[in-house]
Amino acid sequence: MVASSAKVFTLEQVAAHNKESDCWIVIGRPGAKKVYDFTPFVNDHPGGPELVLTQAGTDVNELFEDIGHTTDALALMDKMCIGTLYEAPVDPTKAAKANIAGAPSDNYFIYVCVVVVAAVAYLQY
């Protein structure tokens, strides 16, 4: 868990940590986003380092929520938490405009994963 004296990072600061040797990610719902130093776990992640590195330096909460994680994984995350993400106050009128139904999804990563899994499955048979 993040201590009360924990650091607060901006998304720009997190984005600079996007390599295998320096990998940070953001997970959490709005108002409770935490920053994790994922570097020690990059090569041990069950999805492989490629999966982690495509999202390094970004907010991965939506992907994290879409995939089930064990209690062991959640406990490991607590040890990797290095701070919280600064979240600027949101203007409700701008937020409403940003959530217009039918807006294109920026979550292409899920589609890429599905294609990769399908290709691997096809090649195995």
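Any read-out appearing in this document is the output of simple, stated calculations on the displayed coordinates, not a laboratory observation. What you see is a predicted model; the values in this text were computed from it and never measured. Every residue, glycine as well, gets a Cβ built from its backbone with ideal geometry; the counts of neighbours run over all protein chains shown.
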Compare the Cα positions of Phe41, Thr71, Val26 along the charge dipole of the range 19-77 (+1 at Cβ of Lys, Arg; -1 at Cβ of Asp, Glu; about the Cα centre) and return the one farthest towards the positive end. Val26
What are the ³J(HN,Hα) couplings of the range 22-28, residue after residue, when phi is run through the Karplus curve with 6.51, -1.76, 1.60 and θ = phi - 60°? Round to Hz, x for glycine and proline. 7, 10, 10, 9, 10, 9, x
Based on alpha-carbon positions alone, could you give the equivalent ellipsoid semi-axes of the range 8-49 from the gyration tensor, as √(5λ), descending, whole Å? 20, 13, 7
The set of residues whose placed amide H lies less than 5 Å from the amide H of Phe9, leaving out same-chain residues fewer than 5 positions away, is Thr84, Leu85, Tyr86
Looking only at Cα atoms, what is the convex hull volume of the range 1-81 per residue, in Å³? 95
What relative contact order, as a whole-number percentage, does the range 22-73 give when Cα pairs under 8 Å and 6 or more residues apart are counted? 39
